[in-house]
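Down below is the structure, laid out as structure tokens.
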Amino acid sequence: MRNTRLLTMLECAIFAALAMVLSFIPLDIGSSFSISLGMIPMYIIAIRRGFWAAGFSGLLWGLLHFVTGKAYILSPLQGFLEYIVAFAFIAFAGVFAVQVRGYLKEEKLGKAIGWAWGTMVIGGVARYFWHYLAGVLFWGAYAFKGWSAQLFSIVMNGASCIATIIVAGIIVSILMKISPKLFLPK
């Protein structure tokens, strides 16, 4: 039991570090739109280990933004919302982990990928909801002229969310096809 818990925590740390490394690949367009490649390892750990592991790994990844200087902080509350709460909410990418792993074990790849997309959408939206909220509360001054903070935040965070889910989802789907064991812990 203890070895499984320790192994899971180590995997979470490794996937968080990998997510941070991927975060350094520049896929930002302007200051408000980006594709977050770090979600790829987050989705893998979410499917591999489930809700709590995904939340822990996401939290570690969020904290790594502070350590590496990748956090954009306007105020303590904004930093807390965008790098602690938002990243911890990646946990929701693990809500259908059992179903995905079950279909992978049964070698029903189509169903596994379908459930994986569902869980990735939920996890992505759960994370980006908090970025949207922070955008409304803290980043409104950076909105385009004539745009409200709400419109600017929903457009930019919504576009980032959708683009991230699509790019990460395609890569995760390919990985499920070529290496389904990556998603099945022993």
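For segment 63-84, indicate whether the set of residues that are more than 14 Å from Ala16 (Cβ to Cβ), small (Gly, Ala, Ser), surrounded by 17 or more Cβ atoms within 10 Å (Cβ to Cβ) and modelled with pLDDT of 95 or more is non-empty.
We begin by selecting, within segment 63-84, every residue more than 14 Å from Ala16 (Cβ to Cβ); these are 69, 71-82.
Now drop any that are not small (Gly, Ala, Ser), which leaves 69, 71, 75, 79.
With surrounded by 17 or more Cβ atoms within 10 Å (Cβ to Cβ) added as a condition, the list becomes 79.
Adding the requirement that they be modelled with pLDDT of 95 or more leaves 79.
So far as segment 63-84 goes, yes, one or more of its residues are more than 14 Å from Ala16 (Cβ to Cβ), small (Gly, Ala, Ser), surrounded by 17 or more Cβ atoms within 10 Å (Cβ to Cβ) and modelled with pLDDT of 95 or more.
Answer yes or no: is there a residue in segment 98-120 that is touching a Phe, Trp or Tyr at 6+ places or on another chain (Cβ under 8 Å), without any contact (Cβ under 8 Å) to a residue 60 or more places away in the chain and of a type in the set (Val, Ile, Thr).
no
Kindly indicate which of Thr8, Thr4 is surrounded by 14 or more Cβ atoms within 10 Å (Cβ to Cβ), farther than 30 Å from Ala141 by Cβ and among the polar types (S, T, N, Q).
Just a single option satisfies the conditions, and that option is Thr8.
Quick check on segment 25-34: of everything there that is assigned to a loop (DSSP other than H, G, I, E, B) and open to solvent by 40 Å² or more (accessible area, probe 1.4 Å), which residue is farthest from Leu6 (Cα to Cα)? Break it down into steps so the answer makes sense when it comes.
Step one: list which residues in segment 25-34 are assigned to a loop (DSSP other than H, G, I, E, B), which gives 25-27, 30-32.
Among the residues that remain, those that are also open to solvent by 40 Å² or more (accessible area, probe 1.4 Å) are: 25-27, 30-31.
Numbers: Ile25: 30, Pro26: 33, Leu27: 34, Gly30: 40, Ser31: 38 Å.
Looking at residues that are assigned to a loop (DSSP other than H, G, I, E, B) and open to solvent by 40 Å² or more (accessible area, probe 1.4 Å), I get Gly30.
Can we say Leu37 is in a helix (DSSP H, G or I), surrounded by fewer than 23 Cβ atoms within 10 Å (Cβ to Cβ) and either touching a strand residue (DSSP E or B) at 6+ places or on another chain (Cβ under 7 Å) or of a type outside the set (Phe, Trp, Tyr) (or both)?
Details: in a helix (DSSP H, G or I): no; surrounded by fewer than 23 Cβ atoms within 10 Å (Cβ to Cβ): yes; either touching a strand residue (DSSP E or B) at 6+ places or on another chain (Cβ under 7 Å) or of a type outside the set (Phe, Trp, Tyr) (or both): yes.
No, not satisfied.
Could you please let me know if Ile170 is under 19 Å from Arg48 (Cβ atoms), among the hydrophobic types (A, V, I, L, M, F, W, C), without any contact (Cβ under 8 Å) to a residue 24 or more places away in the chain and surrounded by fewer than 19 Cβ atoms within 10 Å (Cβ to Cβ)?
Values: under 19 Å from Arg48 (Cβ atoms): yes; among the hydrophobic types (A, V, I, L, M, F, W, C): yes; without any contact (Cβ under 8 Å) to a residue 24 or more places away in the chain: yes; surrounded by fewer than 19 Cβ atoms within 10 Å (Cβ to Cβ): yes.
In short, yes.
Looking at Trp117, Trp139, Trp130, can you tell me which residue is out of contact with any Pro (no Cβ under 8 Å at 6 or more places or on another chain), open to solvent by 30 Å² or more (accessible area, probe 1.4 Å) and closer than 20 Å to Gly50 by Cα?
Working: Trp139 fails: closer than 20 Å to Gly50 by Cα; Trp130 fails: closer than 20 Å to Gly50 by Cα.
None of the others qualify; the one that does is Trp117.
The values are calculated or read from the model by the stated rules, or taken from the named source; none is laboratory data. Every value quoted in this text rests on a predicted model; they were computed, and no experiment measured them. Cβ atoms come from the backbone with ideal geometry, glycine included; neighbour counts cover every protein chain shown. The area values use the complete protein model at the heavy-atom level, side chains included, leaving out ligands, DNA and RNA. Shrake-Rupley method; radii C 1.70, N 1.55, O 1.52, S 1.80 Å.
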